[in-house]
């Protein structure tokens with residue numbers, strides 16, 4: 001709720017204390033505020049039906065109702081940050097303590113002084129607008145940052161920087177659209193972008209549903225990391241869900257063939273970059289080999305390494321079959337690869 005004063009709407013819980021001086025409406029309307037004046041029984045219903053930028057509550061005339069209204073307003077999803085000001089004549093410490101505990105932002109002494117009312121109200125409105133903008137920016141940034149990275153940032157000690165790089169065992173999954181270059185040349189860019197975004201969205205949902213996190217997107221594919229107990233099982237279950245979800249999204253006039261590679265092993269996890277731009281990621285031969293395995297996957301294939309096969313051997317959910325020897329660039333000796341399938345029956 002922001003904008004110029006002429007668009008700001010204030011709800012005033014009415015009382016008779018304005019007789020000792022100018023009323024809230026007499027002060028605020030000449031300043032360009034739109035003022036609605038409600039009785040105690042109307043205030044909450046009005047607040048729910050109309051978006052208000054602030055509330056001015058007469059605690060002198062309605063001492064009990066004003067405290068209760070503060071509590072009720074603060075429990076409303078749209079008013080957690082909205083300024084609430086109480087007005088009263090007496091300096092009653094117990095009342096003030098109850099008011100602040102109920103969610104009141106400021107207290108105004110009666111009779112109301114126009115200069116004070118305007119200064120305090122505008123200050124609270126500016127602060128609320130700033131916090132709302134900050135929350136909006138945070139929400140938008142969160143869409144670009146994985147939940148795991150947000151957790152790492154929250155856990156970082158204040159002033160202590162981020163944790164140092166560490167070596168750990170993980171399972172890496174790479175996905176890639178087969179024949180993407182040819183596909184990109186055959187359909188309009190806007191349609192391509194929309195279709196790829198929809199398919200990647202389904203892949204991301206699969207990663208999060210199986211306790212992994214997306215490390216990065218690579219144009220038409222992604223890299224996901226799984227760690228902890230059962231990481232290979234989680235990665236394989238995720239890959240099968242990805243293939244099934246992708247197959248269900250195929251269209252007659254546009255095929256989006258998917259290939260997946262999975263490998264597990266040691267990596268170094270930490271922040272890469274400078275103070276201006278950091279990227280929390282995992283690096284090492286395990287990552288490189290997982291990417292190479294993805295390159296060996298035909299449309300609809302899930303290719304896994306011997307390390308992954310051993311980790312899920314005996315699983316009632318998967319079967320790794322069709323072993324073959326492959327010469328992988330950057331690896332001295334040929335390695336055995338398998339195709340992963342969901343176990344039938």
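Here, each number is a calculation from the coordinates, and none is a lab measurement. Remember, it's a predicted structure, so these values are computed and weren't measured experimentally. Positions of Cβ are backbone-derived with ideal geometry, glycine not excepted, and every protein chain shown enters the neighbour counts.
Figures for the structure shown
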{"quantity": "At 1.002 mPa s and 20 °C, Stokes diffusion of segment 5-142 via Kirkwood alpha-carbon radius, µm² per second", "calculated": "141 µm²/s"}
{"quantity": "Which of 333, 205 has the fewest Cβ neighbours within 10 Å, and the rest in rising order", "calculated": "333, 205"}
{"quantity": "Most mobile listed residue (132, 255, 72) in the chain, GNM with C-alpha springs under 10 Å", "calculated": "72"}
{"quantity": "Tensor-based shape of the chain (alpha-carbon gyration tensor, a/c under 1.5 rounded, otherwise prolate or oblate)", "calculated": "prolate"}
{"quantity": "Separation in nanometres of the label points that stand 7 Å from Cα toward Cβ, at residue 317 and residue 107", "calculated": "5.9 nm"}
{"quantity": "Between helix 114-142 and the chain: long-axis angle, C-alpha atoms, 0 to 90°, nearest 10", "calculated": "10 degrees"}
{"quantity": "Fluctuation leader among 304, 116, 137 - the chain, Gaussian network, Cα springs under 10 angstrom", "calculated": "116"}
{"quantity": "Principal-axis tilt of helix 93-102 within the chain, Cα atoms, nearest 10 degrees", "calculated": "30 degrees"}
{"quantity": "Of 249, 223, 231, the one that fluctuates the most in a GNM where the chain has Cα springs shorter than 10 Å", "calculated": "249"}
{"quantity": "Degrees between helix 231-248 axis and first principal axis of the chain (Cα, 0 to 90, nearest 10)", "calculated": "90 degrees"}
{"quantity": "Cα gyration tensor of segment 159-342 - equivalent ellipsoid semi-axes, whole Å, descending", "calculated": "25, 23, 16"}
{"quantity": "Share, in percent, of DSSP beta bridges within the chain that are antiparallel, nearest 5", "calculated": "65 percent"}
{"quantity": "CD proxy at 222 nm, helix term only [per DSSP H run n ≥ 4: -39500 (n - 2.57); per residue of the chain; nearest 500]", "calculated": "-12500 deg cm²/dmol"}
